[in-house]
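Peer 1: Next up is a structure, given as structure tokens.
Only the coordinates and a few stated rules stand behind these numbers; no lab work does. Computed from a predicted structure; not experimentally measured.
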């Protein structure tokens, strides 16, 4: 189990292009992915195996000199993330 480059994954380049098209003067994208597989033992025997993954994307932009920020965890439409960041800049 790992991360893939599926169409669902947000491209930082795509977000930057959409932000520019929406009128942002500047923009930056932060992306984070993590994969955790804790293993638990009790009395020297395997008790439990877990696996969890998390993914987050943040878009920070400036429009008309005002900053805007939108953060999403998991799958999100790129245009929706840009619209939320633009809305918070107003």
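Peer 1: Between 19, 70, 80, where does the largest GNM mean-square fluctuation fall for the chain, given springs only between Cα atoms within less than 10 Å?
Peer 2: Per the Cα network of the chain with a 10 Å cutoff, 80 tops the list.
Peer 1: Using Cα pairs closer than 8 Å and at least 6 residues apart in sequence, work out the relative contact order for the chain, in percent.
Peer 2: Relative CO of the chain lands at 28 percent.
Peer 1: Anyone know which of 42, 13, 28 comes out most mobile in the 10 Å Cα GNM of the chain?
Peer 2: Of 42, 13, 28, the most mobile in the Gaussian network model is 42.
Peer 1: Using the alpha-carbon atoms, what tilt in degrees (0 to 90, nearest 10) does helix 12-21 show relative to the longest principal axis of the chain?
Peer 2: 20
Peer 1: Note the angle between two axes, namely the Cα long axis of helix 78-89 and the longest principal axis of the Cα atoms of the chain, as a number of degrees from 0 to 90, rounded to the nearest 10.
Peer 2: Relative to the chain, helix 78-89 is tipped by roughly 60 degrees.
Peer 1: Something else now. What ratio of Cα Rg to 2.2 N^0.38 Å holds for the chain?
Peer 2: 1.47
Peer 1: Compute a Gaussian network model of the chain, connecting alpha carbons closer than 10 Å, and tell me which residue from 17, 44, 64 fluctuates the most.
Peer 2: It is 44.
Peer 1: Let me ask you something else. Using only helices, what value at 222 nm comes out for the chain when you add -39,500 (n - 2.57) per DSSP H run of length 4 or more and divide by the total residues, to the nearest 500 deg cm²/dmol?
Peer 2: -7500 deg cm²/dmol
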